[in-house]
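One structure is given below, encoded as C-alpha coordinates.
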Amino acid sequence: MSTHKILVIDDSKVIRMRVKDMLPEGNFKVLEAKDGVEGYNLIRSEKPNLIMLDFLLPKMSGWDVYQEVQKEYDLKKIPLVLMSGRKEEVVEKLNEPFEYFSFIEKPFEKKQLLEAIKDAMAKARKHPTPKELPVSTSQTSEGVTDNSTMAQEIITLREQVNTMQGEIDLLKKQLRQVLGFIRQKG
(Lines give C-alpha, C1' and ligand atoms only; values in the text may rest on other atoms or scores of the structure.)
Protein backbone atom coordinates (compact mmCIF):
# COMPACT_ATOMS: atom_id res chain seq x y z
CA MET A 1 0.00 0.00 0.00
CA SER A 2 1.56 3.28 -1.08
CA THR A 3 1.87 6.06 1.42
CA HIS A 4 1.17 9.61 0.34
CA LYS A 5 3.57 12.26 1.59
CA ILE A 6 2.63 15.70 2.88
CA LEU A 7 5.52 18.13 3.32
CA VAL A 8 5.08 20.94 5.85
CA ILE A 9 7.74 23.66 5.48
CA ASP A 10 7.61 26.17 8.33
CA ASP A 11 10.26 27.57 10.68
CA SER A 12 7.81 27.28 13.59
CA LYS A 13 7.66 23.81 15.17
CA VAL A 14 4.31 24.87 16.68
CA ILE A 15 2.83 25.48 13.20
CA ARG A 16 4.29 22.21 11.85
CA MET A 17 2.78 20.26 14.76
CA ARG A 18 -0.52 22.14 14.50
CA VAL A 19 -0.85 21.32 10.78
CA LYS A 20 0.06 17.69 11.50
CA ASP A 21 -2.61 17.49 14.24
CA MET A 22 -5.27 19.07 11.99
CA LEU A 23 -4.81 16.61 9.15
CA PRO A 24 -7.41 13.85 9.05
CA GLU A 25 -6.40 10.26 9.78
CA GLY A 26 -5.23 8.65 6.59
CA ASN A 27 -2.68 6.74 4.64
CA PHE A 28 -0.03 9.45 4.48
CA LYS A 29 3.25 10.40 6.04
CA VAL A 30 3.97 13.96 7.19
CA LEU A 31 7.45 15.24 6.40
CA GLU A 32 8.71 18.41 8.08
CA ALA A 33 11.25 21.05 7.13
CA LYS A 34 12.28 24.02 9.29
CA ASP A 35 13.73 26.23 6.55
CA GLY A 36 13.49 26.81 2.81
CA VAL A 37 16.67 24.97 1.83
CA GLU A 38 15.69 21.83 3.74
CA GLY A 39 12.15 22.10 2.33
CA TYR A 40 13.28 22.52 -1.27
CA ASN A 41 15.68 19.57 -0.95
CA LEU A 42 12.83 17.42 0.41
CA ILE A 43 10.55 18.51 -2.44
CA ARG A 44 13.18 17.38 -4.95
CA SER A 45 14.08 14.11 -3.21
CA GLU A 46 10.70 12.98 -1.83
CA LYS A 47 8.29 14.36 -4.50
CA PRO A 48 5.49 14.82 -1.92
CA ASN A 49 1.80 14.63 -2.84
CA LEU A 50 1.12 17.98 -1.12
CA ILE A 51 3.29 20.91 -0.04
CA MET A 52 2.36 23.25 2.83
CA LEU A 53 4.78 26.18 2.42
CA ASP A 54 5.33 29.13 4.75
CA PHE A 55 6.10 32.32 2.83
CA LEU A 56 8.67 33.71 5.30
CA LEU A 57 11.44 31.21 5.99
CA PRO A 58 15.11 31.30 7.00
CA LYS A 59 17.95 30.30 4.61
CA MET A 60 15.66 30.33 1.54
CA SER A 61 12.36 32.20 1.61
CA GLY A 62 9.07 30.55 0.70
CA TRP A 63 8.99 32.92 -2.27
CA ASP A 64 12.34 31.54 -3.48
CA VAL A 65 11.20 27.95 -2.92
CA TYR A 66 8.02 28.71 -4.89
CA GLN A 67 10.05 30.17 -7.77
CA GLU A 68 12.38 27.16 -7.89
CA VAL A 69 9.43 24.74 -7.87
CA GLN A 70 7.84 26.64 -10.78
CA LYS A 71 10.87 25.92 -12.97
CA GLU A 72 10.17 22.17 -13.19
CA TYR A 73 6.88 20.80 -14.47
CA ASP A 74 6.97 17.65 -12.31
CA LEU A 75 7.41 19.80 -9.18
CA LYS A 76 5.02 22.64 -10.00
CA LYS A 77 2.12 20.24 -10.54
CA ILE A 78 2.34 19.14 -6.87
CA PRO A 79 -0.61 20.69 -4.96
CA LEU A 80 0.65 23.66 -2.93
CA VAL A 81 -0.84 25.51 0.03
CA LEU A 82 1.02 28.75 0.71
CA MET A 83 0.80 29.90 4.35
CA SER A 84 1.52 33.32 5.79
CA GLY A 85 0.46 35.54 8.64
CA ARG A 86 0.83 38.54 6.30
CA LYS A 87 -1.15 38.13 3.10
CA GLU A 88 -0.04 41.56 1.82
CA GLU A 89 3.55 40.25 1.44
CA VAL A 90 2.31 37.37 -0.69
CA VAL A 91 0.06 39.60 -2.83
CA GLU A 92 3.01 41.97 -3.35
CA LYS A 93 4.83 39.18 -5.23
CA LEU A 94 1.94 37.12 -6.63
CA ASN A 95 -1.28 38.57 -7.97
CA GLU A 96 -4.66 37.29 -6.87
CA PRO A 97 -6.58 35.25 -7.69
CA PHE A 98 -4.01 32.55 -7.08
CA GLU A 99 -4.47 30.31 -10.09
CA TYR A 100 -2.34 27.25 -9.34
CA PHE A 101 -2.04 27.15 -5.55
CA SER A 102 -4.11 27.82 -2.47
CA PHE A 103 -3.38 30.46 0.16
CA ILE A 104 -4.21 30.26 3.85
CA GLU A 105 -3.64 33.06 6.33
CA LYS A 106 -2.22 32.20 9.74
CA PRO A 107 -3.61 31.51 12.24
CA PHE A 108 -6.13 29.11 10.76
CA GLU A 109 -8.59 26.49 11.92
CA LYS A 110 -8.87 22.85 10.81
CA LYS A 111 -11.84 23.54 8.52
CA GLN A 112 -9.91 26.33 6.71
CA LEU A 113 -6.88 24.06 6.33
CA LEU A 114 -8.91 21.22 4.83
CA GLU A 115 -10.65 23.63 2.42
CA ALA A 116 -7.26 25.05 1.37
CA ILE A 117 -5.93 21.53 0.71
CA LYS A 118 -8.96 20.61 -1.42
CA ASP A 119 -8.61 23.91 -3.30
CA ALA A 120 -4.87 23.31 -3.88
CA MET A 121 -5.54 19.84 -5.26
CA ALA A 122 -8.16 21.16 -7.68
CA LYS A 123 -5.90 24.01 -8.79
CA ALA A 124 -2.89 21.72 -9.31
CA ARG A 125 -4.89 19.74 -11.87
CA LYS A 126 -5.34 22.98 -13.88
CA HIS A 127 -1.59 23.35 -14.53
CA PRO A 128 -1.06 23.43 -18.26
CA THR A 129 1.07 20.62 -19.62
CA PRO A 130 4.00 21.61 -21.79
CA LYS A 131 2.60 22.03 -25.28
CA GLU A 132 3.33 19.06 -27.42
CA LEU A 133 4.62 20.34 -30.74
CA PRO A 134 5.16 18.24 -33.87
CA VAL A 135 8.30 16.18 -33.56
CA SER A 136 10.58 18.04 -35.89
CA THR A 137 13.98 19.38 -35.16
CA SER A 138 15.60 22.75 -35.45
CA GLN A 139 19.26 23.63 -35.41
CA THR A 140 20.60 25.54 -32.38
CA SER A 141 24.09 26.68 -31.44
CA GLU A 142 24.48 23.54 -29.28
CA GLY A 143 23.24 21.11 -31.92
CA VAL A 144 19.86 19.61 -32.67
CA THR A 145 17.00 20.17 -30.20
CA ASP A 146 13.36 19.17 -30.59
CA ASN A 147 10.58 21.76 -30.55
CA SER A 148 8.97 20.49 -27.32
CA THR A 149 12.23 21.11 -25.45
CA MET A 150 12.44 24.60 -26.90
CA ALA A 151 8.78 25.24 -26.02
CA GLN A 152 9.46 24.25 -22.40
CA GLU A 153 12.51 26.54 -22.34
CA ILE A 154 10.37 29.40 -23.67
CA ILE A 155 7.78 28.78 -20.94
CA THR A 156 10.54 28.76 -18.31
CA LEU A 157 12.04 31.97 -19.71
CA ARG A 158 8.64 33.70 -19.70
CA GLU A 159 8.15 32.71 -16.05
CA GLN A 160 11.60 34.09 -15.22
CA VAL A 161 10.81 37.35 -17.05
CA ASN A 162 7.53 37.66 -15.09
CA THR A 163 9.38 37.04 -11.83
CA MET A 164 12.04 39.60 -12.69
CA GLN A 165 9.35 42.13 -13.67
CA GLY A 166 7.75 41.67 -10.24
CA GLU A 167 11.11 42.25 -8.58
CA ILE A 168 11.75 45.34 -10.74
CA ASP A 169 8.34 46.74 -9.80
CA LEU A 170 9.11 46.16 -6.12
CA LEU A 171 12.50 47.90 -6.47
CA LYS A 172 10.84 50.86 -8.21
CA LYS A 173 8.34 51.13 -5.38
CA GLN A 174 11.13 51.03 -2.79
CA LEU A 175 13.12 53.64 -4.73
CA ARG A 176 10.08 55.96 -4.82
CA GLN A 177 9.74 55.54 -1.05
CA VAL A 178 13.42 56.37 -0.51
CA LEU A 179 13.19 59.42 -2.78
CA GLY A 180 10.06 60.57 -0.97
CA PHE A 181 11.88 60.22 2.36
CA ILE A 182 14.89 62.16 1.05
CA ARG A 183 12.63 64.96 -0.24
CA GLN A 184 10.94 65.22 3.16
CA LYS A 185 14.30 65.49 4.94
CA GLY A 186 15.81 67.85 2.37
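General remarks:
- In the range 11-32, the residues that are closer than 21 Å to K111 by Cβ reach residues that are polar (S, T, N, Q) with C-beta atoms within less than 8 angstrom, at least six apart or across chains, in these pairs: F28/T3; F28/N49.
- Against the numbered list (1) at pLDDT below 80; (2) farther than 30 Å from L23 by Cα; (3) not β-branched (V, I, T), G180 comes up short only at (1).
- Selection status of E115, open to solvent by 80 Å² or more (accessible area, probe 1.4 Å), modelled with pLDDT under 80 and either touching a strand residue (DSSP E or B) at 6+ places or on another chain (Cβ under 6 Å) or not hydroxyl-bearing (S, T, Y) (or both): no
- The set of residues in the range 30-73 being touching a Gly at 6+ places or on another chain (Cβ under 9 Å) and basic (K, R) consists of K59 alone.
- Counted as qualifying within the range 1-110 are the helices (runs of 4 or more DSSP H) with 2 or more residues that are under 16 Å from K123 (Cα atoms) and open to solvent by 50 Å² or more (accessible area, probe 1.4 Å), namely 73-76.
- Residues of the range 66-87 that turn out to be of a type outside the set (A, V, I, L, M) and more than 19 Å from F108 (Cα to Cα), as a count: 10
The values are calculated or read from the model by the stated rules, or taken from the named source; none is laboratory data. For clarity, every value in this text was computed on a predicted model and none was experimentally measured. Reconstructed Cβ throughout: ideal geometry from the backbone, glycine too, with neighbour counts over all protein chains shown. Each accessible area value is taken on the protein alone, full model and side chains, heavy atoms only, with ligands, DNA and RNA left out. Shrake-Rupley method; radii C 1.70, N 1.55, O 1.52, S 1.80 Å.
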